[in-house]
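Chemist: Dropping the structure in here first, questions after.
The values are calculated or read from the model by the stated rules, or taken from the named source; none is laboratory data. Because the structure is predicted, anything quoted here is derived from the model rather than measured. With ideal geometry, Cβ positions are generated from the backbone for all residues, glycine too; neighbour counts draw on all protein chains shown. Protein only, heavy atoms only, side chains kept; ligands, DNA and RNA dropped before computing areas. Shrake-Rupley method; radii C 1.70, N 1.55, O 1.52, S 1.80 Å.
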Amino acid sequence: MDQTLVAILVLLATALALGAAAERLRQTAVVGYLLAGTVAGPNVLGWVDGGDRVHAIAELGASTLLFSIGTEFSLARLRAFGARTFAAGALQVALTVAAGMAAAMARGMRAGPAFAVGAAVSLSSTAVGARLLAERRTIDGAHGRLAMGVLLTQDILVVPLVVAVGAAGGGDPGAAAAGAVRTALGAAGVVLVFAALARWAFPWFLAGRGVSRNRELVAVFAAVCAIGSALGAHAVGLSPALGAFVAGALLGSSPFAPQVRAEVAPLRTLLATLFFAAVGLAGDPAWAASNAGTVLLATAAIVAGKAAIAAGSARALRAALPVAAAAGLCLAQIGEFSFVIAEGARSSGLLDGDMHKLLVTATIASLLATPALVGAAARVGARWHPPHAHGEPAAPAGRGIVIVGYGPAGAQAFRDLRARRGAECTVIDSNPALVALARHEGAHAQVGDAGRAETLEHAGVPGARLVLVTMADVGTAEHVAALVRQMAPQAVVVARSRYHAVTADILRAGAHRVVDEEELVGARLAVEAEAALRAAR
């Protein structure tokens with residue numbers, strides 16, 4: 001346990017340093033995290049040897065990341081992907097396996113090892129791709145949705161590919177087929193159980209008075225869901241990340257999804273950082289330098305080939321050319337599950353040491369190139385999207401007003417705005433009963449903690465023209481005002497101040513105007529006093 005904790009500390013500290021350096025160089029922090037694993041790993045400084053416990057925690061990080069992203073994808077949004085998107089994913093995997101196999105056999109490899117190579121390079125990285133699409137706010141764009149659909153299809157196909165590679169390595173085909181059937185039945189069981197929980201048990205639990213009043217309990221609930229769904233999927237032989245994503249998507253249909261997503265965010269950040277660093281542990285810079293020509297050629301061929309095949313597969317199923325090309329760029333890397341296939345092929349004797357190292361090195365190199373590829377995809381996709389549809393969380397049409405808090409003050413502000421301006425508003429409140437009241441009165445409302453950036457983003461604050469902060473708590477008002485100003489510089493922020501002494505603090509935090517309760521009460525008291533004196537005469 002001591003060694004595991006030291007390894008985690010070293011990985012996080014190195015990732016912190018190199019992630020900050022990457023951001024300073026205007027690269028995504030993911031590049032720094034991957035390099036951190038390589039630098040601290042057994043092939044460079046040797047600070048971390050990458051034991052099973054570290055990799056288990058790293059896999060949990062990928063699962064937590066995918067669970068959080070899954071809460072953005074309700075079942076309705078998953079259905080909106082359409083059958084063609086998933087068909088494009090299956091076609092891309094089949095064509096990439098065939099192309100990789102043909103290229104390997106052309107270099108003298110036998111059919112079994114060549115199939116292992118094709119299977120390994122056919123998968124892209126759901127964790128890296130989804131993280132970068134979300135980070136660049138293009139996950140809701142046309143090419144982002146297409147890429148996510150293909151990535152999910154690849155995750156579904158991980159198990160069949162692993163089984164097929166095992167059979168090619170001399171395993172029993174009958175046992176492999178029986179294992180695949182058991183996995184399919186187990187997967188169906190896990191999905192049904194979690195669907196039932198998400199439909200009936202979880203809403204009842206989260207709506208309970210004790211839970212809704214305590215953010216810590218919601219955070220614990222989110223962690224239990226993320227980890228439990230990953231372990232449940234792993235228990236039946238599925239990818240833990242895929243199981244976590246499905247669980248998140250089932251919860252995404254619940255009104256509590258924004259709150260759950262906000263509470264799991266700190267855990268997701270920590271574990272996902274460990275995941276990216278753990279991927280980098282397999283890097284061997286000395287071997288890569290001595291085989292630089294082969295590594296560069298293989299990486300370039302794989303990235304270009306996968307981008308072309310993915311784009312061609314999407315185009316064959318009638319995706320628009322710019323959308324298909326942009327999605328192809330997002331899918332051009334080799335994914336983290338390729339390590340599983342490559343390691344299985346090496347241990348069964350299908351791949352020799354040099355070919356295994358080439359696959360691992362090319363995978364890391366392609367992951368390092370992914371931020372640039374996803375950035376290029378956004379520019380390609382911009383030729384197709386309307387200017388505002390790059391996934392930026394702009395407020396929906398007619399919902400440019402966001403009201404934070406639906407107590408008596410927030411409710412009265414909503415009623416007056418609707419009566420005077422006919423304005424539609426989005427309401428955020430952590431109390432499910434108040435959210436239900438806001439919806440009953442005609443507002444678009446969501447349960448969530450407005451002190452979390454994720455909650456504000458989901459409510460459309462980055463595209464809002466006006467944000468009303470109606471909570472009485474001074475610290476909360478200051479924090480929310482500061483977040484809104486940072487997230488939406490164009491929005492006018494009007495906040496409430498319970499005490500005159502703190503009005504200036506709320507203004508400094510970011511509010512444009514502050515309603516001073518003591519000042520208003522004083523003015524109203526003077527009016528009433530004058531009326532009382534006139535009546536006494």
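Chemist: Just for the stretch 439-448: of the residues that are more than 20 Å from the chain's Cα centre (by Cα) and not in a loop (DSSP other than H, G, I, E, B), which one is nearest to Glu424 (Cα to Cα)?
Modeler: Looking at the filtered set, the residue picked out is His444.
Residues are listed down the side, and each one gets a yes or a no for (1) touching a Leu at 6+ places or on another chain (Cβ under 9 Å); (2) part of a strand (DSSP E or B); (3) crowded, with 22+ Cβ neighbours inside 10 Å:
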| site | (1), (2), (3) |
| --- | --- |
| Val435 | no, no, yes |
| Ala450 | yes, no, yes |
| Thr455 | no, no, yes |
| Leu468 | yes, yes, yes |
| Ala472 | no, no, no |
| Glu478 | no, no, no |
| Ala481 | yes, no, yes |
| Arg485 | no, no, no |
| Val494 | yes, yes, no |
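Chemist: Taking the stated definitions as given, is Glu518 of a type outside the set (Gly, Ala, Ser) and over 31 Å from the mean Cα position of the chain (by Cα)?
Modeler: yes
Chemist: Among what's in the stretch 364-379 and is within 16 Å of Phe275 (Cβ to Cβ) and either open to solvent by 10 Å² or more (accessible area, probe 1.4 Å) or charged (D, E, K, R) (or both), pick the residue that is nearest to the chain's Cα centre (by Cα).
Modeler: Here the residue is Leu368.
To keep it simple, each residue is scored yes or no on (1) touching a strand residue (DSSP E or B) at 6+ places or on another chain (Cβ under 9 Å); (2) at pLDDT below 75; (3) open to solvent by 10 Å² or more (accessible area, probe 1.4 Å).
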site	(1), (2), (3)
Ala257	yes, yes, no
Ala262	no, yes, no
Ala265	no, yes, no
Thr269	no, no, yes
Ala272	no, no, no
Ala277	no, no, no
Gly280	no, no, no
Ala286	no, no, yes
Ala292	no, no, yes
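Chemist: Here's a check for you: in the stretch 407-430, which residue that is assigned to a helix (DSSP H, G or I) and among the hydrophobic types (A, V, I, L, M, F, W, C) is most open to solvent (accessible area, probe 1.4 Å)?
Modeler: Once the filter is applied, the top-ranked residue is Ala419.
Chemist: Turning to a different aspect of this structure: Is it the case that the stretch 141-153 has a residue that's of a type in the set (Ser, Thr, Tyr) and modelled with pLDDT under 90?
Modeler: Looking through the stretch 141-153, at least one residue is of a type in the set (Ser, Thr, Tyr) and modelled with pLDDT under 90.
Chemist: Does Ala308 satisfy the criteria of being open to solvent by 40 Å² or more (accessible area, probe 1.4 Å) and modelled with pLDDT of 85 or more?
Modeler: Here the answer is yes, as Ala308 does meet what is asked.
Chemist: Please go through (1) under 23 Å from Lys357 (Cα atoms); (2) at pLDDT 70 or above for Ala20 and return the number of the only condition it doesn't satisfy.
Modeler: (1)
Chemist: Would you be able to tell me the number of residues in the stretch 20-46 that are touching an Asp or Glu at 6+ places or on another chain (Cβ under 9 Å) and either surrounded by fewer than 17 Cβ atoms within 10 Å (Cβ to Cβ) or part of a loop (DSSP other than H, G, I, E, B) (or both)? Write out each step before concluding.
Modeler: So the first thing to find is which residues in the stretch 20-46 are touching an Asp or Glu at 6+ places or on another chain (Cβ under 9 Å), and the list is 28-30, 32, 38, 41-44.
Subset that is either surrounded by fewer than 17 Cβ atoms within 10 Å (Cβ to Cβ) or part of a loop (DSSP other than H, G, I, E, B) (or both): 28, 41-44.
Summing the residues that are touching an Asp or Glu at 6+ places or on another chain (Cβ under 9 Å) and either surrounded by fewer than 17 Cβ atoms within 10 Å (Cβ to Cβ) or part of a loop (DSSP other than H, G, I, E, B) (or both) in the stretch 20-46 gives 5.
Chemist: Would you be able to say whether some residue in the stretch 316-334 is open to solvent by less than 20 Å² (accessible area, probe 1.4 Å), touching a Lys or Arg at 6+ places or on another chain (Cβ under 6 Å) and at pLDDT below 85?
Modeler: no
Chemist: Quick one: in the stretch 207-233, which of the residues that are modelled with pLDDT under 70 and not small (Gly, Ala, Ser) is least open to solvent (accessible area, probe 1.4 Å)?
Modeler: Val211
Chemist: Which is touching a helix residue (DSSP H, G or I) at 6+ places or on another chain (Cβ under 8 Å) and modelled with pLDDT of 80 or more, of Ser125, Ser68?
Modeler: Ser125
Chemist: It is to be established whether one or more residues within the stretch 337-360 are crowded, with 24+ Cβ neighbours inside 10 Å and outside any helix (DSSP H, G or I).
Modeler: Checked the stretch 337-360: at least one residue is crowded, with 24+ Cβ neighbours inside 10 Å and outside any helix (DSSP H, G or I).
Chemist: Among the numbered criteria (1) open to solvent by 40 Å² or more (accessible area, probe 1.4 Å); (2) free of Cβ contacts under 8 Å to residues at least 60 places away in the same chain; (3) under 16 Å from Gly510 (Cα atoms), which single criterion is violated by Arg439?
Modeler: Here Arg439 clears every test but (3).
Chemist: Can I ask one more? Just one of Ala311, Ala282 is without any contact (Cβ under 8 Å) to a residue 24 or more places away in the chain and of a type in the set (A, V, I, L, M, F, W, C); which is it?
Modeler: The conditions single out Ala311.
Chemist: Any residue at all in the stretch 511-532 that's in contact with an Asp or Glu (Cβ under 7 Å, 6 or more places away or on another chain), under 22 Å from Gln412 (Cβ atoms) and either aliphatic (A, V, I, L, M) or in contact (Cβ under 8 Å) with a residue 40 or more places away in the chain (or both)?
Modeler: no
Chemist: When residues of the stretch 104-128 are filtered for being more than 14 Å from Leu161 (Cβ to Cβ), assigned to a loop (DSSP other than H, G, I, E, B) and either open to solvent by 10 Å² or more (accessible area, probe 1.4 Å) or aliphatic (A, V, I, L, M) (or both), how many remain?
Modeler: Selection size over the stretch 104-128: 4.
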